[in-house]
1. What is the antiparallel percent of DSSP beta bridges lying wholly in the chain, to the nearest 5?
2. What pairs in 160/189; 151/216; 13/179 have C-alpha atoms more than 22 Å from each other?
3. Please work out whether region 133-189 counts as rounded, prolate or oblate from its C-alpha gyration tensor, where a ≥ b ≥ c are the square roots of the eigenvalues and a/c under 1.5 means rounded, while otherwise a/b larger than b/c means prolate and anything else oblate?
4. With the Cα gyration tensor of region 43-108 giving a ≥ b ≥ c as the square roots of its eigenvalues, does the rule (a/c under 1.5 for rounded; else a/b larger than b/c for prolate; else oblate) give rounded, prolate or oblate?
5. Please give me the summed charge of the neighbours of residue 92: other residues whose Cβ is under 10 Å from its Cβ, Lys and Arg +1, Asp and Glu -1.
6. Label residue 97 and residue 60 with points 7 Å out from Cα along Cα→Cβ: what is the distance between them in nm?
7. Please give the Cα centre distance for region 116-168 versus region 203-219, rounded to the nearest Å.
8. Would you mind calculating the relative contact order of the chain from Cα pairs under 8 angstrom and at least 6 residues apart, reporting the percent as a whole number?
Amino acid sequence: MQIAIDGPASSGKSTVAKIVATKLGFVYVDTGAMYRASTVLAQKLGLDFGDEAGILAALKEADIQFKPDQAGQKVFLNGEDITLAIRTPEITNNVSQVSALAGVRTEMVARQRQIADQGQVVMDGRDIGTTVLPAAKVKIFMVASAQERAKRRYAENTAKGIMTPLATLQAEIELRDQKDSTRAISPLKKADDAIEIDTTQLTIDEVVDTILAIVKKNM
Ligand code: C5P
C-alpha cells in the first residue's frame, strides 16, 4: 500500500507522516529532504542554484540515505550527516529554485519510485499524489493558513534557538509556496482524488487519527 501526503510548506506533513508510518509499520519517505540534499550538494560544490547541468552531474553520482534515529530520521549525503545542514535558512530559501530544475526532478522522482517499489510507504512532498505515485491507494492534501504555519515554524525555531521574526517566517513560507505552485514541472497541486485536510484548528493527534481512519477504509 502507498500513502501520498502532499501540501504546502510547514503544513505539518512530515510530523504526521512519520507518526502514521510508525503506527502502520510502513517506511516513511521525506521527499522534501531529498530536494534539500540536492541543494546542499550544490552549495558544497559552489554551484549556482540554477546550474542544472552541474547539479545534475553531481546528483547522478550522489548517495542520499535516510537512517532512522531517536529524533526521527537522519539524512546522509555521500556518507556525511547533513540532517542539520538541510534545514538552514540558506537551504530553505533556495530549495525551490533547485527543485524546479527538470533534470533534478527526473532524478529524484526515479529514486522515490524505486524506494516505493520496495515495500509499503508513506511518502510526503508536493507532487506525490499527482506525479510520483499517481496510483497511491490513499492521497491526502494537507493545508493550513499561512499564519498558523508560520506560528508553528516559529515555535519550532524558538525551541532550537533560531530567532527569525514571525512576519519574516510567514513571508518566506508564502514565497516558497508561490514558487512551488507556479513552477512548470509538477507544481504543488491537490490531486483530483486526494482528500483535503485543513489542519489549522486540529492537533497532530487529530490529523493522525483522521488519516488512519481513511487508511482503514481503503485497506
Ligand atoms: O517538504 P519540505 O518543505 O522540506 O520541502 C522542501 C522543498 O522541496 C519544497 O519547498 C519544494 O521546493 C521541494 N519539494 C518538491 N517536491 C516534493 C517535495 C519537496 O519540489 N515532492
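1. Working: 8 of 25 bridges.
In the chain, DSSP labels about 30 percent of beta bridges as antiparallel.
2. Numbers: 160/189 31 Å; 151/216 32 Å; 13/179 18 Å.
From the list (160/189; 151/216; 13/179), the Cα-Cα distance tops 22 Å for 160/189; 151/216.
3. Numbers: a/c = 2.84, a/b = 1.78, b/c = 1.59.
Prolate shape, in that a/c is at least 1.5 and a/b is the bigger ratio.
4. Working: a/c = 1.98, a/b = 1.53, b/c = 1.30.
The shape class here is prolate.
5. Values: positive: 36, 87, 153, 176; negative: 90, 172.
Here the count lands on +2.
6. 2.4 nm
7. 16 Å
8. On the way: 330 pairs, mean separation 71.6, N = 219.
Across the chain, relative contact order equals 33 percent.
Each value in this text was obtained by applying a stated rule to the coordinates, not by laboratory testing. Just so we're clear, the structure is a prediction, and the values are computed from it rather than from any experiment. So basically every Cβ, Gly included, is an ideal-geometry build from the backbone, and we count neighbours across all protein chains shown.
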